[in-house]
Each structure stands twice: as C-alpha cells, then as structure tokens.
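Novice: Sharing a structure with you now.
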Amino acid sequence: MAKYKARSNFRKKNSAKRKTTLKHANFNKREREGKLREQGGQCCYCFTGLNHKTVTLEHVRARSKGGINHRSNYKASCEACNQLKGNMSEAAFKKKIKHPAVTDPFPYWEAHIRRRLSLATNRSCRNIRCYVGIEVRQRQYADC
C-alpha cells in the first residue's frame, strides 16, 4: 500500500509540472513569434534570418544579473548568439562580435562572420530591389 501511495504522489507531482511546462511553452511560442515579427525575422545580434522554429527568446539583461521574465526584457536571437552571450550585457556582447579581439575564442569570430555576411547580403538584396524598382531607398542621398 505504501508503494502505491508513493507512486500516486509521484504521478501527481509530475502531472502538475507537465501542466506548468506546457502553459509556459505556449507563452514562449507566442512571445517568440511576436518578437520575431517586431525584429523583421532577424537575430538581434548577428542579423541572420530566423523562422518560428529557429528563433530563441533572449534575455536582454540576464536573469543572473537581475533581469526579469517580462516581454520588455526579451529579444529574438539565434541559438548560437543566445548561448554565446550568456550573462554578458547587450552592449558588451555587441561590441565583442562587432570587433572581436585576436585572442577571443572562435565562436565570437563565427558570430562576427555571420553578422558581416548577413549585413552584406541584406545590403545587396536592398540594392537589387532598388535597381529593379521594387523598393525605393529612404536615404537622403539615394541614387535610384
């Protein structure tokens, strides 16, 4: 009888955890998709294209540094940047991948290269759309 009670208590605890996790997962999916739309489908750090399957929710201010679980503290990022940033501040991480030092580990250089490639690709696509006439540049000194 004691074994049966122990099993039933275990099931009750696990089912309560599962319900909480599912509720939290639905909230995160909705938040991820919303942030992805706000940012134009790009990672906020390296500007690579993201979709609803590859996006992760990134805390701008890390929870270990006093950040909160609120939509104002979330940004959409790729998994690589999210893992690499860790609990660094947003400004420090952007600086580190924008201008990595020679002694920085390789993942920072990978993020730097992803960022440079994405920016160059986006710029080229914008220039092509402008040349074809699909898009008009918003700059003051636009030549098309």
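Novice: Applying the selection to the stretch 35-70, what residues are surrounded by 14 or more Cβ atoms within 10 Å (Cβ to Cβ) and either farther than 23 Å from Thr121 by Cβ or touching a Pro at 6+ places or on another chain (Cβ under 9 Å) (or both)?
Specialist: Passing the criteria: Leu57, His59, Val60, Arg61, Ala62, Gly67.
Novice: Scan the stretch 106-118 and report the pairs whose first residue is under 18 Å from Leu50 (Cβ atoms) and whose second residue is small (Gly, Ala, Ser) and surrounded by fewer than 17 Cβ atoms within 10 Å (Cβ to Cβ), with Cβ atoms within less than 8 Å and a gap of 6+ or a chain change.
Specialist: These pairs meet every condition: Ser118/Gly49.
Novice: Next question, about the same structure. Working only within the stretch 113-141, note down all residues that are modelled with pLDDT under 90 and aliphatic (A, V, I, L, M).
Specialist: Val132, Ile134, Val136, listed by residue number.
Novice: Here is a follow-up. If I filter the stretch 99-130 down to residues being among the hydroxyl-bearing types (Ser, Thr, Tyr) and closer than 18 Å to Gly40 by Cβ, which single residue comes out as farthest from the chain's Cα centre (by Cα)? Let's see the steps before the verdict.
Specialist: Quick first cut of the stretch 99-130, residues among the hydroxyl-bearing types (Ser, Thr, Tyr) only: 103, 108, 118, 121, 124.
With closer than 18 Å to Gly40 by Cβ added as a condition, the list becomes 118, 121, 124.
Working: Ser118: 15, Thr121: 19, Ser124: 24 Å.
Applying the filter and picking the extreme gives Ser124.
Novice: Something else now. Please determine whether any residue of the stretch 87-98 is under 12 Å from the mean Cα position of the chain (by Cα) and surrounded by fewer than 16 Cβ atoms within 10 Å (Cβ to Cβ).
Specialist: Scanning the stretch 87-98, I find no residue that is under 12 Å from the mean Cα position of the chain (by Cα) and surrounded by fewer than 16 Cβ atoms within 10 Å (Cβ to Cβ), so the answer is no.
The values are calculated or read from the model by the stated rules, or taken from the named source; none is laboratory data. Keep in mind it's a predicted model, so treat the numbers as computed, not measured. Cβ coordinates were reconstructed from backbone atoms using ideal geometry, including for glycine residues, and neighbour counts include every protein chain displayed.
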